[in-house]
Structures are given as C-alpha cells and as structure tokens.
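First up is the structure itself, then whatever we jot down about it.
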Amino acid sequence: MRVIRRLFARFANLFSRERADQEFSAEITAHLALMQEEFERRGMAPEQARREALVKMGGIEQAKQLQREARSFVFVESLVQDIRFALRVLRKNPGFTAVAVLTLALGIGANTAIFTVVYGTLLRALPFPDSNRVVKLAETFQGRTDAMSLTYRQLERLREFSQPFEAIAGYTDQEFNVTAGNGTEHVRAMPVSSDFLRVVGESPEAGRDFLPAEDSGAGEQVAIVSHALSARRFGSADAAVGEIIFLSGEPYTVIGVMPGHFSADMGALDGGPPWEVWIPLARVAKTVGSGENIDVLARVRHGVTSAEIAAEVDLARNQFHKEFAGDAGETDTMSFVPLAQMAGASIQSNLLILFGATGFVLLIACANVSNLLLARGMARTREVAVRMAMGASRARLLRQLLTESIVIALAGGVLGLVIAREGIAALLTLAPTGTEMGPVGIPRVNDIRVDGAILVFALVISFFTGALFGIFPALYAGRANLNRELREGSAGSGVGRGHARLRQVLVAGEFALSLVLLTGAGLMIATCAKLLNTNPGFDAHHVLTMEFWVGGTTHDSTPKVAAYYSAVEQKIAALPGVEAVGIVGAGLPLERGGNYAVRIPGPDQSKSKFTNYREASPGYFRAMGMPLREGRGILETDTTDSTPVVVINEAFVKAYFRGQEPVGGHVYLNNTLCEIVGVVADAKSYLDKPASPTTFVPAAQASFATSILFEGWFPRRVVVRTVGDPLALSRTLRATVMSVDSTVATGAILSMDQMMSRSVALRQFMMLLLSLFGGLALVLASVGIYGVISYGVSQRTREIGIRMALGARPRVVLGMILMQGLQLVAVGVVAGVIAAISLTRFLEGMLYGVSVTDPLVFGAGTAALVVISLVACFIPARRAMRVDPIVALRYE
C-alpha cells in the first residue's frame with residue numbers, strides 16, 4: 001500500500017500545473033463576480049454590469065490565455081525533448097533495445113491477433129443497415145443462452161406480440177439441387193418469411209421481394225437467387241428475373257436477385273458456406289415435420305427500450321407455456337438478443353479463453369522487460385544522481401524514464417502489428433471450418449481484418465504496456481542516494497535488496513502464469529487424446545464416404561431410389577480394393593443427423609419419443625464396421641412389398657426396452673407399425689457424448705417424402721470399406737457414381753478418419769493455440785530466470801571468489817546457484833497451481849475424460865517448468881564454477 005500511495009503522489013506532481021490553472025480560473029471567476037457587484041451598486045442593470053465587468057476583465061482573460069498557451073508550448077517542447085533523449089539512449093544500447101522490443105512485440109502481437117478475431121466475430125457491427133436494431137430470438141436453459149427454434153405455428157403465434165418491432169421474420173436452412181440454365185449444382189438455400197429482407201434492411205438489386213400472398217403458400221412457387229448464382233446460370237441479374245429454376249425437381253420462378261455481398265454476409269454469420277437461394281417459408285411449413293427448426297429475427301422500432309421488449313416477450317412466453325407446454329417447458333427465459341452477439345455465441349467462450357491466455361503472455365513479456373530495465377537501471381544510478389544534482393526533480397526523472405519505456409512499447413507495438421497481421425492469416429488457416437451440420441467454424445470470418453479499431457487497440461495496449469513495465473523500474477531509479485552515488489563514483493551501488501527482491505518476484509510471477517498456460521494446454525492435449533481414443537461404435541479405418549443428392553432427378557420414388565442404390569453399390573463393389581459398400585441417408589455417425597418421432601405400442605403408445613433417424617442399404621453396417629448385437633441387419637428382401645422392419649441401436653434398447661427382448665418387438669414410425677429385427681452397436685454422433693437412441697430404416701422401405709425432407713439438411717452418403725488407403729479411391733469413386741447417373745449431384749469425399757478429426761477440430765485448435773502460448777510463456781519465463789540468475793552471479797563474483805579461495809568446491813557453487821533458481825521456481829509453482837485451479841474451470845465445458853485438477857497434467861507442467869528453469873540456471877551457474885578467485889578479488 002505504501003508503494004501505491006507513493007506512486008499516486010508522484011503522478012499527482014505531474015499534473016500540478018493543471019491544478020494551478022484550475023485555481024487561477026476560480027480566482028478569475030470570483031474577481032469577475034466582485035466587479036459585477038460594484039457596477040450594480042453604481043446603479044447599472046445586472047446585464048449591463050456584467051458586460052462592463054467582462055470588458056474590464058478582458059486584459060486578465062487574455063493574459064490567462066497566453067499563460068495557457070505558454071504552458072502548453074513548454075509541455076510539448078519538454079515532451080519532444082524527452083522523446084529525443086529516449087531515442088538517443090535506446091540507440092546507444094542496441095542489444096537491450098532489440099531484446100526489449102522483440103519481447104514486447106511477441107506479447108502485443110499475440111494479443112492484437114486474438115483481439116482482431118474477437119472484435120470481428122463478437123464486437124464489430126454487422127454489415128446491415130442499422131444492424132444494432134436487428135435481434136434474434138434466444139432461450140436460456142440452465143444458464144446457457146442459445147438460439148430458440150420454433151415451429152411454423154409458433155412463429156405465427158409470436159407475430160401477435162410484435163408491438164416493439166417493425167417486423168418479425170422466420171428462416172431456416174435447407175439444401176437443394178438447382179437445375180437452371182446450362183447445368184445442375186447443389187446449393188445452400190434459406191426458406192424465409194416475406195418480412196425477412198425488411199428485417200435485415202436489404203432489398204434485391206434486380207426484381208422484387210416476396211409478397212404476403214407468397215408467404216402464405218398461395219400462388220406460384222417463387223425464389224430469389226444470389227448475384228453469384230444468377231451470373232453463373234444466366235449471365236446477369238436482369239437476365240435471371242422471370243426465369244424458371246428447378247429446386248430438387250420443383251419449378252420456381254426467379255422474382256429477384258440479391259446484391260453480391262449479401263450471400264456471403266449471411267453465410268458468414270454461422271461460419272458456413274454462402275446462401276444462394278431464398279424461397280417462402282410457408283413452403284417448408286407444408287412439408288413433413290411441419291416447419292420445425294425455424295430461427296427468428298426481428299427489427300426493433302426506433303425508441304423502443306429493452307424493458308418494453310422484455311415485457312412483450314414475457315407475455316409471449318407465458319402464452320407459449322400454455323399452448324406449447326411440451327415444446328417450451330424447458331425454457332428458463334425467452335428473449336431477443338442482438339444478432340451480432342448471437343452470431344459469435346458458438347465460439348465466444350473459446351475466444352475469450354484465448355484472449356485471456358494472450359494476456360498472460362503479455363504480462364510475462366512485461367515482467368521480462370521490467371527485469372531488463374531494473375538491471376539497466378543499476379548501471380544508470382550515477383547518471384540519475386548527476387541529473388538530480390544539477391536540479392532535475394524526481395517527477396521530471398520519472399517522466400523521462402516512463403517516456404523511454406513507452407517508446408520501447410510503441411516500437412514493440414509497431415512490430416507486434418506486423419506479427420499480428422501474419423498471425424491472423426495463420427490462425428484462420430488453422431481454424432476449423434464447416435457448416436451448421438459439420439464442425440463449428442469461425443463465424444463472420446470476412447469481418448476479421450486489421451483496420452482503424454485494431455490500430456487503436458494496438459496503440460492503447462502499447463501505451464498501457466509501456467506504463468506497466470516501466471513504472472516500477474522508474475520509481476526504483478528515482479530512489480538513488482545522491483551523496484553515496486556521487487561519492488563512490490560507481491554504477492550499481494545504490495538500490496540493494498529491494499531491487500533484487502522485485503526482480504525475483506517478477507520472475508516467480510512469470511513462472512506462475514506460465515504454469516497456468518501449460519496446465520490449460522495439458523488439459524486440452526489430454527482431452528484430444530481421450531477423444532481420439534474413444535470407441536465411436538464403428539471401425540473408422542479404411543472407410544471412404546462421398547456425398548450425393550437425388551432430389552430433382554428421375555429417381556422420384558422409393559423403388560427408383562432403391563434401384564439406383566443397388567446399381568451404384570454393384571459398380572463400386574466390383575472395383576479392386578473394395579471390401580464392402582453401403583449407402584446411408586439422414587446423416588453419418590459423428591454428425592448431428594436427422595431425428596424423428598416414434599411411438600412404442602403399450603400404455604404410452606400415444607406419446608411420441610424423438611430418436612435419431614437413418615435410412616440404410618443392406619451393406620451399410622458391414623461397410624461402416626458397426627457390429628450386430630442381436631437379430632439381423634437390413635436385407636435385400638426388405639422392400640416396399642415386405643413387412644416394414646427397423647433396426648435399432650443399444651441406446652434405444654436401454655431407453656425404451658429395458659428388461660425386455662427388443663427383437664420381435666414393434667415401433668410406430670411415420671404411423672407405420674414396424675417390426676424390430678435387429679440391434680446394432682451404438683455409433684456416436686458426438687465423441688464426447690453418449691450415443692442417442694437411433695432407428696435404421698431400410699432404404700427400400702423409407703418414405704420418399706421423408707427421405708427428400710432429410711436430404712434438404714443432410715446429404716446421402718456412399719460408404720466404402722477398402723483394403724488400403726481409402727483416399728486413393730476418391731477419383732474412381734466419384735467417376736463410378738457419375739457413370740450410373742450423371743444428373744445426380746455429388747459432393748465432398750472424406751475418409752472416416754478425417755471425419756474423426758473434424759469432430760474434434762475445435763478442441764484441437766484450442767489445444768494448438770494454448771500449447772503455442774504456453775510454450776512462448778515458458779521461453780519468456782526461462783529468459784527471465786536466466787537474466788536474474790546471471791545478474792545475481794555477476795553481483796556475487798567477489799563472494800564466489802572468496803568462497804572458492806576458502807576451499808569451496810565448484811560443485812558446491814553450482815548447487816548454490818541452482819538452488820537460488822529452484823527457490824524462485826518453487827514460489828512460482830505454488831502460486832501457479834493455486835491460479836491454475838481457479839482459472840482452468842473455464843475450460844471445464846471443453847474437457848472430456850479428464851478433470852480440471854488432473855494431477856498428471858499438473859505434474860507434467862510442473863516438471864516442464866523445473867527442467868527448463870534448471871537448464872536456464874545452469875549456464876550462469878557453470879560460469880560461476882569457473883570463477884578464478886585471484887582474478888575476482890583483484891577485479892573487486
């Protein structure tokens with residue numbers, strides 16, 4: 001507390017001139033009031049008296065203004081002198097300057113790079129007009145806020161509570177095969193309400209928006225397309241308007257074309273590919289599933305407060321609980337949240353953890369540079385004493401030394417910006433990408449760029465960093481004993497134990513922060529190792545998958561789709577190196593696949609139970625390596641002419657047939673009574689979660705409407721088990737599928753090993769960055785302890801010489817120096833363990849199979865610190881062993 005009080009007192013002196021100006025102003029104001037009273041006593045009206053007083057005071061005011069200008073000029077001139085002197089001093093010490101600037105550049109660069117991502121994904125305004133008024137419907141359950149999805153009926157009900165909003169619109173995500181112009185391609189589409197473009201504040205660049213009648217499902221089928229799609233298929237936006245396109249075989253008239261930026265801007269909100277087509281949402285409401293999974297956006301009216309919105313939403317929520325108790329019963333709160341905030345919600349916690357980690361790296365860098373300045377300050381004590389003897393005040397010296405620190409920090413900030421720019425490019429290259437159906441990608445990636453806001457951040461953090469690492473060395477330098485320094489005429493005699501203790505505290509703090517980062521990295525490494533070694537319920541090795549879509553082709557019924565599957569499987573099975581082949585619809589393992597309601601005969605037959613839903617061909621289980629537990633799998637004889645059957649997984653048995661024999665039982669699927677003929681092993685959709693109850697329907701018995709519905713969200717996949725490297729078969733696989741029917745659109749080809757990697761991509765990304773920051777922190781901490789021990793050895797040269805002259809062995813000297821370093825590490829480890837236990841809980845949601853206090857991880861981090869510190873201490877300790885007593889004593 002005493003140091004803090006002194007710090008404030010010294011800073012207060014720097015602003016004494018400003019206080020003088022304030023006191024002078026108060027005096028002028030008081031004098032003006034007295035003169036006005038005197039004129040009023042002479043009979044003048046108050047206004048006239050005030051004018052006369054102001055005329056009389058004009059000379060004083062002018063003098064005051066000149067005084068202010070003079071003081072400002074003196075301050076600026078003094079500041080320029082300080083900067084010139086700082087540059088001259090730093091130029092004379094190029095080694096020190098280079099090390100300090102590079103150390104700070106690493107810390108500032110890492111912080112700036114991560115802040116650029118945080119700002120772009122969480123803070124930057126969306127590229128829509130008045131984007132701060134665009135909000136998204138969200139729900140909070142058990143403290144976690146996510147987007148709230150509605151059914152079409154619920155959306156219509158919500159619109160009755162639209163008083164605070166200019167418009168409310170719903171939207172969802174689908175995919176279609178688009179046949180237009182000169183070819184067919186597979187695109188991402190967005191069914192939307194007619195008010196959607198009004199909500200986001202955009203309008204078509206050609207053509208028109210949707211009409212209310214079209215939003216209700218009446219009239220012809222219409223679509224709005226992206227600028228890119230119109231250019232690819234029709235040559236221009238104007239040429240596309242009025243043309244007919246086919247979306248998975250259904251004709252739609254193009255009524256509008258969106259501007260070029262809009263498609264990418266919308267796609268960037270969830271880190272997925274651009275949307276290319278917009279159709280009326282009412283069309284989805286008429287499909288199987290009744291328009292579920294609809295997200296809601298709204299535009300807030302001008303002048304509406306948050307309290308007014310909350311009150312209206314509370315009314316809506318109460319109504320929802322009455323009408324839709326089964327759907328809204330688990331919602332703690334229902335609210336509208338700014339769209340910009342919701343866009344980055346999926347990775348917000350990850351980015352904030354990384355930002356905190358880079359903050360630790362910057363603190364370690366500041367501690368290192370502070371140590372350098374303290375060591376350098378020992379050599380400048382005589383310089384400081386001479387300047388004080390010539391009349392320089394302690395406040396003036398403090399400002400000069402702080403100016404040097406800030407100049408170093410600003411130079412580090414400039415270099416840090418260069419590092420940040422390159423780091424952002426590398427970071428985005430390493431970051432996981434994907435769509436809503438795949439691994440989480442970084443949203444709003446187009447908004448991640450270095451601009452004015454980032455430059456301001458770098459400037460502010462550089463200035464703050466310069467003050468942070470420079471203040472204590474400057475204060476210690478100002479404590480030089482004038483008489484002693486001038487009498488002894490030597491550098492390095494003046495600060496004593498307090499100086500050394502501060503340097504040791506800084507190094508111990510570096511090791512504490514390093515241990516926190518190393519522990520976080522260790523926990524993520526352990527999590528990724530656990531996940532990759534988790535049994536997913538199938539054999540992922542030597543398996544190749546390829547996406548395809550049959551919508552809009554001649555395969556427009558279940559028998560035709562089954563015949564197409566059979567033809568594809570036969571051709572692929574004949575390829576060399578193929579062991580087994582199968583086809584699955586509505587999602588692979590390690591994906592969020594389709595779900596569907598089933599009913600189980602019995603007392604609760606009327607209650608629907610949602611399970612994962614898959615459509616599979618007879619060879620799918622063998623190709624995927626999913627073992628059969630009971631009964632049989634899907635056979636070639638399971639067709640539309642045979643008894644409807646279904647295969648379930650073990651999780652389904654545990655959930656709904658506990659204590660019963662499942663094979664031979666029945667479930668209602670799509671109001672059809674299906675016999676359970678087999679049980680397969682659980683295949684996980686998420687490696688870190690238990691498998692969900694799943695039903696596998698024979699592809700030859702699946703409802704075509706249901707099949708096409710799920711194809712709008714999940715591509716069908718060919719699954720091939722090979723003898724060797726599955727990716728070697730990629731080109732052949734695509735060519736073989738295309739040879740059966742070239743009108744069928746095909747997509748990505750991935751091995752299941754790649755799918756496994758994608759499923760842990762975000763955690764691997766966090767592991768990589770935390771490991772990088774932890775390693776950087778460890779290097780900086782090692783440099784810090786090397787500097788402290790090396791400086792200590794140089795200061796104890798005479799002592800070491802005396803010890804060795806008295807018979808001390810070099811081994812004893814080595815142990816003494818190493819013990820000094822280990823004491824600092826021990827203090828850092830104790831503080832670091834306490835801090836790590838408190839801070840690593842923020843990683844808890846990302847961990848799997850490992851505790852936040854895992855002793856093995858903490859032990860490994862501690863061991864790494866000890867080993868690295870011993871290596872760093874050994875170099876100066878070895879130099880101390882070689883001290884010649886005679887030379888040391890003669891030198892002293």
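The values are calculated or read from the model by the stated rules, or taken from the named source; none is laboratory data. Treat the numbers as computed from the prediction; the structure is a model and nothing was measured. Please note: Cβ atoms are built from the backbone with ideal geometry, for glycine as well, and neighbour counts cover all protein chains shown.
Could you check the range 114-125 and list, in sequence order, the residues that are farther than 12 Å from Met342 by Cα and within 12 Å of the chain's Cα centre (by Cα)? Working first, answer last.
Initially, the range 114-125 is screened for residues farther than 12 Å from Met342 by Cα, giving 114-120, 124-125.
Result: Ile114, Phe115, Thr116, Val117, Val118, Tyr119, Gly120.
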State which residue is nearest to the chain's Cα centre (by Cα) when the search covers only the range 578-615 and only residues that are over 23 Å from Trp549 (Cα atoms) and basic (Lys, Arg). Lys609
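Condition check ((1) modelled with pLDDT of 90 or more; (2) assigned to a loop (DSSP other than H, G, I, E, B)) across all residues:
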| residue | (1), (2) |
| --- | --- |
| Ala491 | no, yes |
| Arg501 | no, no |
| His541 | yes, yes |
| Thr554 | no, yes |
| Lys560 | yes, no |
| Ser566 | yes, no |
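One line per residue, one yes/no per condition, for (1) free of Cβ contacts under 8 Å to residues at least 24 places away in the same chain; (2) farther than 26 Å from Val134 by Cβ:
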residue: Arg208; (1), (2): no, no
residue: Pro212; (1), (2): yes, no
residue: Gln221; (1), (2): no, yes
residue: Ala240; (1), (2): no, yes
residue: Glu243; (1), (2): no, yes
residue: Gly260; (1), (2): no, no
residue: Asp270; (1), (2): no, no
residue: Ile279; (1), (2): no, no
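In the set Leu104, Leu126, which member is touching a helix residue (DSSP H, G or I) at 6+ places or on another chain (Cβ under 9 Å) and either closer than 23 Å to Val783 by Cα or assigned to a helix (DSSP H, G or I) (or both)? Working first, answer last.
On the way: Leu126 fails: either closer than 23 Å to Val783 by Cα or assigned to a helix (DSSP H, G or I) (or both).
Answer to the selection: Leu104.
Filter the range 162-199 for residues that are part of a strand (DSSP E or B) and under 19 Å from Val135 (Cα atoms) and give the result.
Going through the range 162-199, the residues part of a strand (DSSP E or B) turn out to be 165-171, 174-180, 183-192.
The answer is Phe165, Glu166, Ala167, Ile168, Ala169, Gly170, Tyr171, Met190, Pro191, Val192.
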Scanning the range 335-364 for residues that are farther than 14 Å from Arg144 by Cβ and outside any helix (DSSP H, G or I), which turns out nearest to the chain's Cα centre (by Cα)? Gly344
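Among the listed residues Leu750, Leu733, Leu729, Leu709, which satisfies the condition of being of a type outside the set (Asp, Glu), modelled with pLDDT under 90 and buried (at least 16 other Cβ atoms within 10 Å of the Cβ)?
Working: Leu750 fails: modelled with pLDDT under 90; Leu733 fails: modelled with pLDDT under 90; Leu729 fails: modelled with pLDDT under 90.
Leu709 is the lone residue from the list that is of a type outside the set (Asp, Glu), modelled with pLDDT under 90 and buried (at least 16 other Cβ atoms within 10 Å of the Cβ).
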Condition met for Arg91 (at negative phi and without any contact (Cβ under 8 Å) to a residue 12 or more places away in the chain): yes
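Find the residue count for the range 215-240, including only residues that are touching a Pro at 6+ places or on another chain (Cβ under 9 Å) and modelled with pLDDT under 85. Lay out the reasoning, then the answer.
So in the range 215-240, the residues touching a Pro at 6+ places or on another chain (Cβ under 9 Å) come out as 215-217, 220-224, 226-228, 237.
With modelled with pLDDT under 85 added as a condition, the list becomes 215-217, 220.
Residues flagged as touching a Pro at 6+ places or on another chain (Cβ under 9 Å) and modelled with pLDDT under 85 within the range 215-240 amount to 4.
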Determine whether Glu485 is among the acidic types (Asp, Glu) and modelled with pLDDT of 80 or more. no
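Those residues that are in contact with a Phe, Trp or Tyr (Cβ under 9 Å, 6 or more places away or on another chain) and either surrounded by 17 or more Cβ atoms within 10 Å (Cβ to Cβ) or within 20 Å of Ala616 (Cβ to Cβ) (or both), I need them from the range 736-747; list them, please. Give the derivation first.
Step one: list which residues in the range 736-747 are in contact with a Phe, Trp or Tyr (Cβ under 9 Å, 6 or more places away or on another chain), which gives 737, 740-741, 744-747.
Matches in the range 736-747: Val737, Val740, Val744, Ala745, Thr746, Gly747.
Got a sec? Which of Phe773, Phe765 is aromatic (Phe, Trp, Tyr), closer than 30 Å to Gly593 by Cα and within 40 Å of the chain's Cα centre (by Cα)?
On the way: Phe773 fails: closer than 30 Å to Gly593 by Cα.
After ruling out the rest, the residue left standing is Phe765.
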Among (1) among the β-branched types (Val, Ile, Thr); (2) modelled with pLDDT of 85 or more; (3) under 30 Å from Arg763 (Cβ atoms), the one test that Val300 misses: (3)
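From the residues in the range 776-810 that are polar (S, T, N, Q) and modelled with pLDDT under 70, which one is farthest from Leu506 (Cα to Cα)? Outline the logic, then answer.
Applying the first criterion (polar (S, T, N, Q)) to the range 776-810 yields 782, 790, 794-795, 797.
Among the residues that remain, those that are also modelled with pLDDT under 70 are: 794-795, 797.
Values: Ser794: 19, Gln795: 18, Thr797: 23 Å.
Looking at residues that are polar (S, T, N, Q) and modelled with pLDDT under 70, I get Thr797.
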Out of (1) out of contact with any Cys (no Cβ under 7 Å at 6 or more places or on another chain); (2) surrounded by fewer than 22 Cβ atoms within 10 Å (Cβ to Cβ), the odd one out for Val680 is which? (2)
Looking only at the range 165-176, count how many residues are crowded, with 22+ Cβ neighbours inside 10 Å and either of a type in the set (A, V, I, L, M) or more than 21 Å from Phe210 (Cα to Cα) (or both). 2
Criterion (within 29 Å of Tyr596 (Cα to Cα) and either β-branched (Val, Ile, Thr) or modelled with pLDDT of 85 or more (or both)) met by exactly one of Ile294, Ile255: Ile294
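Scan the helices (runs of 4 or more DSSP H) fully inside the range 637-743 and keep the ones with 3 or more residues being closer than 26 Å to Ala567 by Cα. Show your work before the answer.
Numbers: elements: 650-656, 704-711, 730-740.
Output list reads 704-711, 730-740.
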The range 606-652 - residue that is without any contact (Cβ under 8 Å) to a residue 60 or more places away in the chain and among the basic types (Lys, Arg) and, of those, surrounded by the most Cβ atoms within 10 Å (Cβ to Cβ): Arg629
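On the given criteria, is Ala529 part of a helix (DSSP H, G or I), farther than 24 Å from Phe355 by Cβ, within 30 Å of the chain's Cα centre (by Cα) and at pLDDT 85 or above?
On the way: part of a helix (DSSP H, G or I): yes; farther than 24 Å from Phe355 by Cβ: yes; within 30 Å of the chain's Cα centre (by Cα): yes; at pLDDT 85 or above: yes.
So Ala529 passes the test.
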